[in-house]
Amino acid sequence: MATFLTEWRRRWMLTCKEVNGFLEAYVDGRLDTATKEQFERHINGCETCRTYLQQYRATIDLVKEADPVNDHPPAPSDALVDETLSFLRDHYEPPTNNASS
Amino acid sequence: MPNAPSSSRVDTEAILNGDRAAFEAMVESETSRLFHIILRYVNDDEAARSLVQETFLQAYKNLDSFRGDSKLTSWVIGIGINLARSWLRKNKRQQPMDEEAMERLQPDFRFGRYTGSFEPWDPEQTAERTERKKLVHKALDELSDSYREVIVLRDLEERSTKETAELLNISRGAVRVRLHRARQALRSLLNPHFASDFS
């Protein structure tokens, strides 16, 4: 009976700690169907875990919102390429083999 | 904004044979991507521009040491990451937290349940966008390099766990663990600013 209950619990119930351990995989969409069902069943019935998941997701969204690249044009910066090539041409050492230029 | 690999203009064989034009073609195709990664590390426009140039110069000078066990572009990005790390160590104003401090920012459990309770967040109501960004950057600055860089590569660069593991030369499991701990630490640091006040 005890073994049956343990197995039943393992299949159907996750603790908050176990749910926490699955957060990264859940957000990444990597949980298998059965585990995802267990995870969501727990989340639906546990306000603490639901709120924690909301904060965890909000943290990721806030990090994305604060991305320094958002303040820059997404297209390649021709000026930076030119600056970099010019910098390199000033610092290249004489070619040691069949360099083309 | 994901940065999908685009190595179509990278002729690795020609570059390794000393073809400078091929190297410069790689510079043209990879500069933007490299700039974004480095900018995400250092959050300083001028420093990022300068580090991009230094990265390509170091790559060019050290092509002999490329062993071919990753893509050439990944190897170049690795050089950029190392330079960005060095820059951060020299220029970061606050001391990153140690592992003990990191542990204190992880949630506590007793009998499988959280010991604390959580209030829902409402970031848009609790802080202006500029303020939110400032708070996030301050929190990110508190993380040590090993945690900060998985956030940069996974959450900002949106690189896969596999790519991140290869770039940082760690296992995929280590990437996942670090990412989870880093997000939880950030959550703890940001919580006082974004928890809704229903009182």
Subject >> Failed item, numbered, when B:Met26 is tested on (1) crowded, with 18+ Cβ neighbours inside 10 Å; (2) in the same structural domain as B:Ser160 (by TED's automatic domain parsing) >> reply: (2)
Original post:
Any residue in region B:177-195 that is outside any helix (DSSP H, G or I) and at the interface with another protein chain (Cβ under 9 Å from one of its Cβ atoms)?
Top reply: yes
Original post:
Exactly one of (1) more than 9 Å from chain A (Cβ to nearest Cβ); (2) over 23 Å from the mean Cα position of the chain (by Cα) is unmet by B:Gly116. Its number?
Top reply: (1)
**OP:** Return yes when B:Asn169 is surrounded by fewer than 21 Cβ atoms within 10 Å (Cβ to Cβ) and either within 12 Å of chain A (Cβ to nearest Cβ) or among the β-branched types (Val, Ile, Thr) (or both) and no when it is not.
**Re:** no
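This table checks each residue for (1) of a type in the set (Gly, Ala, Ser); (2) within 12 Å of chain A (Cβ to nearest Cβ); (3) without any contact (Cβ under 8 Å) to a residue 40 or more places away in the chain.
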residue	(1), (2), (3)
B:Thr12	no, no, no
B:Asn17	no, yes, yes
B:Arg40	no, yes, no
B:Ala47	yes, yes, no
B:Ser50	yes, yes, yes
B:Leu57	no, yes, yes
B:Asn91	no, no, no
B:Gln94	no, no, no
**OP:** Any chance you could count how many residues in region B:119-166 are of a type outside the set (Val, Ile, Thr), at the interface with chain A (Cβ under 8 Å from one of its Cβ atoms) and within 24 Å of A:Arg30 (Cα to Cα)?
**Re:** 2
Subject >> Single unsatisfied condition, B:Asp64 versus (1) among the charged types (D, E, K, R); (2) assigned by TED's automatic domain parsing to the domain that holds B:Asp19; (3) modelled with pLDDT of 95 or more >> reply: (3)
Original post:
part of a helix (DSSP H, G or I) and either modelled with pLDDT under 95 or in the same structural domain as B:His180 (by TED's automatic domain parsing) (or both), is that true of B:Glu131?
Top reply: yes
Original post:
Where in region A:7-69 are there helices (runs of 4 or more DSSP H), lying wholly inside it, with at least 2 residues that are touching a residue at least 24 places away in the same chain (Cβ under 8 Å), facing another protein chain (nearest Cβ under 8 Å) and under 21 Å from B:Arg178 (Cβ atoms)?
Top reply: A:16-27, A:47-65
Subject >> Close pairs (9 angstrom Cβ cut-off, 6 or more residues apart or separate chains): over 11 Å from B:His193 (Cα atoms) in region B:111-130, in a loop (DSSP other than H, G, I, E, B) and among the charged types (D, E, K, R) anywhere >> reply: B:Tyr114/B:Asp108; B:Thr115/B:Asp108; B:Gly116/B:Asp108; B:Glu119/B:Asp197
Original post:
Can you name the number of the only condition in (1) modelled with pLDDT under 95; (2) more than 21 Å from B:Leu153 (Cβ to Cβ); (3) surrounded by fewer than 13 Cβ atoms within 10 Å (Cβ to Cβ) that B:Asp69 fails?
Top reply: (2)
**OP:** Could you list all residues from region B:51-75 that are within 18 Å of the chain's Cα centre (by Cα) and more than 23 Å from B:Ile170 (Cα to Cα)?
**Re:** B:Leu51, B:Val52
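The values are calculated or read from the model by the stated rules, or taken from the named source; none is laboratory data. Keep in mind that this is a model prediction, so the values were computed, not measured. No Cβ is skipped: glycine too gets one built from the backbone with ideal geometry, and neighbour counts run over all protein chains shown.
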